[in-house]
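Here the structure is laid out as structure tokens; the discussion comes afterwards.
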Amino acid sequence: MSAKDCEKIIDQAIEKHGADAATQAHARTCPKCAATLALLALLKTSGSPVSDLKPSAAFLGRIESSLATSASEAAATGALKSKLLAAAIGVALTATVAWTVVSQSKKSDVAKTQTQTSQGEMRADPDVRAGENDAAFPQLQLPSATDELK
Amino acid sequence: MTSNNENLDSNELIELARNGQKQAFTMLVKRHYGTVMYYLMGFGVKKPDAEDIAQEAFINAFRKIDQFRTSGSFVGWLLRIARNQHIDKLRKEKKFDTTGSELDLLNLPDDRTPEVQVVSDAAVEDLYSGLKPQEKVLLDLRVFQQMSFAEIAEALGSTEGNARLVFHRLIVRLRSKFRS
Ligand SMILES: [Zn+2]
């Protein structure tokens with residue numbers, strides 16, 4: 001096996017959290033891989049080479065006090081956001097209800113006009129066509145003010 | 001609370017930190033402090049400055065923790081934040097040079113601070129002694145965090161091929177030291 005193949009074996013051993021049967025079989029015949037696998041096992045038991053640097057109590061204290069500030073800032077931002085959202089929903093709801101009332105009264109006006117005019121007259125007047133209002137202004141399927149009164 | 005957190009894996013700690021549990025985030029700081037510090041020192045940053053940058057990076061990470069996707073590597077994400085923090089600091093000091101913004105795993109001089117050198121030299125028999133900061137980070141990310149070379153390359157601002165090459169050269173060096 002080439003050095004590249006041995007590297008692949010080592011990569012597999014690391015990625016699979018240990019050597020599988022094929023890797024172990026290769027390691028038995030390859031002194032390089034056997035030594036590397038033993039080295040990796042030793043490293044794992046010794047711990048990471050970066051673990052000799054530990055945060056001081058002062059460092060952790062500075063972080064914790066900053067986190068407290070961040071958390072209260074986030075909470076304040078969250079509260080403001082929900083207030084703004086509630087205000088926006090209120091405005092949108094009022095506008096939708098108002099629009100539904102207006103469009104319902106328009107619709108009944110159109111319906112009245114349709115019943116009063118003949119087919120020929122309707123074709124001659126392009127501004128008054130059944131269904132056109134609905135297509136131009138898509139509406140939310142909210143119960144209308146008149147439905148509630150029934 | 002803290003003793004319970006010690007047994008949790010990183011994703012569980014991240015989830016708790018997302019819900020505002022500061023102790024969970026402090027545990028993440030303790031776990032990844034060494035990686036972030038050695039990573040910054042790998043750029044030639046002296047230890048006190050590295051600590052200032054690390055502090056800002058951790059605070060920034062807590063603020064942005066909702067943006068972290070648990071499918072990725074947390075330590076990789078943390079190192080990218082630390083790197084940006086380092087670049088910002090250089091920009092403020094007008095020392096930023098794009099050629100120096102990447103951690104060149106192959107060609108970096110030995111930037112160990114005298115303090116780190118003393119620690120390393122004191123433990124001559126230790127396999128880790130004499131390793132450069134960036135080599136320690138590479139070993140940590142690959143063997144202990146089990147990151148792929150693609151993730152390591154992204155975190156270190158290197159290429160996948162370079163990360164693989166340097167890692168295997170490092171393993172050969174450690175192996176010969178281990179054998180002897
Ligand atoms: Zn082999």
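If you count, for each residue, the other Cβ atoms within 10 Å and average over each peptide, how do B:76-88, A:55-67 line up from highest to lowest?
Listed from highest to lowest mean packing, they are B:76-88, A:55-67.
Any idea what the dipole of segment A:3-46 comes to, in debye rounded to 20, about its Cα centre with Lys/Arg Cβ at +1 and Asp/Glu Cβ at -1? Walk me through the numbers before you get to the answer.
On the way: 6 positive and 5 negative charges, 23 e Å.
With Lys and Arg at +1 and Asp and Glu at -1, about 120 debye.
Just the number, please: buried accessible area between B and A, total of both chains, 1.4 angstrom probe, nearest 100 square angstrom.
Working: alone 10290 and 11940 Å², together 18650 Å².
Roughly 3600 Å².
Can you pull the mean other chain C-beta count within 10 Å for peptide B:169-179? Could the numbers behind the result be given before it?
Details: counts 0, 0, 9, 5, 0, 7, 8, 2, 1, 7, 4.
Mean partner shielding for this stretch: 4.
If you count, for every residue in A:51-63, the Cβ atoms of partner chains within 10 Å of its Cβ, what is the mean?
If you average over the peptide's residues, the count of other-chain Cβ atoms is 6.
The values are calculated or read from the model by the stated rules, or taken from the named source; none is laboratory data. This structure is a prediction, so every number in the text was calculated from the model and none was measured. Neighbour counts are summed over all protein chains in view; Cβ atoms, including those assigned to glycine, are modelled from backbone coordinates with ideal geometry. These area figures cover heavy atoms from the full protein model, side chains too; ligands, DNA and RNA do not enter into them. Shrake-Rupley method; radii C 1.70, N 1.55, O 1.52, S 1.80 Å.
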